[in-house]
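Right, one structure below, let's go through it.
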């Protein structure tokens, strides 16, 4: 495992924490006050998405081929998904695409990320290749994301806000657990 990549991966995950927190605050302000908070939310979301790329690569670097042949293609798909979603947010900010198009770039981009998070849960809880705390936070993150999607679709305001708050809190804890898992000498077995 290269110390440079895993060190960058860990730092990048830690840097994503304030970006996610600011994205959560600005989306709430946007729904209460309007612009410029929507644009700021897009900016912080883009930063957070792009900052996740090194940790995704760091997990692959740390585990190598130990999980089997599925991790490499999922890692590639996840990096491409994060790039699509992150750059889509930036294109929305500069008005190259509209909000509807950003739902496409974000939606398509986030799908492999959700699969990767599910994979982390399995690698942590099923295979014990990563810390169990990361696995349980991955499960919480996925559950909260599902609730947000359901309540948003049903237009249940209070439940949407509550589940979105849980989602942001879970994401913050998950990022810290991810940062610790990929740091050089971090928890979990280092697989050659």
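What follows draws every value from the coordinates through simple rules; no lab data is involved. Note that the structure is a prediction, hence the values are computed from the model and not measured. Note that we place each Cβ from the backbone using ideal geometry, even for glycine, and neighbour counts take in every protein chain shown.
The C-alpha atoms of the chain define a longest principal axis, and helix 157-182 lies at about 30 degrees to it.
Compared with the dominant Cα axis of the chain, that is its longest principal axis, helix 53-63 is turned about 20°. With both labels modelled 7 Å from their Cα along Cα-to-Cβ, the residue 77 to residue 155 distance reads 3.4 nm.
Once you divide the Cα radius of gyration of region 82-137 by 2.2 N^0.38 Å, the number left is 1.50. Taking the longest Cα principal axis of the chain as reference, the axis of helix 132-154 is set at about 20 degrees. Each helix, a run of at least 4 DSSP H residues, gives -39500 (n - 2.57); summed and divided by the residues of the chain, these come to -27500 deg cm²/dmol at 222 nm.
A simple spin-label model places pseudo-atoms 7 Å from Cα toward Cβ; at residue 132 and residue 15 they are separated by 3.4 nm.
Taking 7 Å steps out from each Cα toward its Cβ at residue 4 and residue 65 produces label points 2.4 nm apart.
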